Amino acid sequence: MSSSISARMQELSLDSGDSVRPAATPQPHPAKSRLPEHRRPHFTSSVQVNPRPLPTPEECRAARKRCMYYGFYAGEMALQKMLIKCFPEQLSGRDPFDASLFLAGLGYVRDVTGRGDIGVHIAWVAQRNKDMVPSIGIEVGRPTFIVGLFPLEKEAYVNRLTQEMVDLLAEMFETKPTWWEIEDLTDL
């Protein structure tokens with residue numbers, strides 16, 4: 001089944017601006033952001049992120065929980081370090097091991113994107129992840145935290161973030177997003 005999902009997603013046009021969005025999916029509203037105006041990004045493009053290469057059908061079938069997410073590496077205090085980097089005047093000198101920064105970092109990512117469906121999940125580190133993000137210090141086959149932007153599912157894929165938003169997040173995280181095999185979906 002996951003191979004058919006992957007095949008259908010491969011067929012979707014990444015450049016199509018006329019995607020039909022289901023009415024049940026809430027759309028982000030930048031004006032409702034809790035960020036101060038000087039910190040709120042102004043997105044001008046509606047071109048959706050190109051998350052290719054998609055996981056192969058073999059990778060999808062081999063996934064232990066049959067769940068793949070596109071997102072950013074958040075292990076080794078990456079989420080906390082990102083937040084400190086984005087707010088140096090308020091957070092300079094803060095210890096990245098401060099647990100309150102973990103959830104604050106996730107809240108900031110949600111505010112910047114206007115997407116409450118972005119979450120922190122636990123994923124297995126694969127060789128594809130280490131190739132894409134050389135700074136990962138965890139061994140292949142070990143679990144780590146990720147900031148999951150969207151799963152490899154049709155509705156989520158059709159309603160994915162814009163390229164501009166993902167580029168901003170990549171700048172904030174100082175890394176590129178990639179596909180991750182999920183070990184456990186959290187409530188965060």
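The numbers here are math on the coordinates, done by the rules we state, and not lab data. Computed from a predicted model, the values in this text were never measured in an experiment. Glycine gets a Cβ as well: all are built from the backbone with ideal geometry, and neighbour counts include every protein chain shown.
In sequence order, region 102-118 has phi-based couplings of 4, 6, 5, x, 5, x, 5, 4, 5, 5, 4, 8, x, 10, x, 7, 6 Hz under the Karplus curve 6.51 cos²θ - 1.76 cosθ + 1.60, θ = phi - 60°, and Gly or Pro positions carry x.
This model, with +1 at the C-beta of Lys and Arg and -1 at the C-beta of Asp and Glu, gives region 72-187 a dipole about its Cα centre of some 140 debye. Between amide H atoms placed 1.01 Å from N, distances below 5 Å from C67 occur with I182, all of them 5 or more places distant or on a separate chain. Extension gain, D131 to C86: 0.36 nm times the residue separation minus the Cα-Cα distance gives 13.6 nm. In order along region 152-165, the phi-based Karplus estimate (6.51 cos²θ - 1.76 cosθ + 1.60, θ = phi - 60°) of 3J(HN,Hα) comes to 7, 9, 4, 4, 5, 5, 5, 9, 5, 5, 7, 4, 4, 5 Hz; Gly and Pro are listed as x. In straight-distance terms, cross-link reach from K154 covers every one of the lysines whose alpha-carbon lies under 28 Å from its own, apart from those fewer than eight places away in the same chain; here that gives K32, K65, K130, K176.
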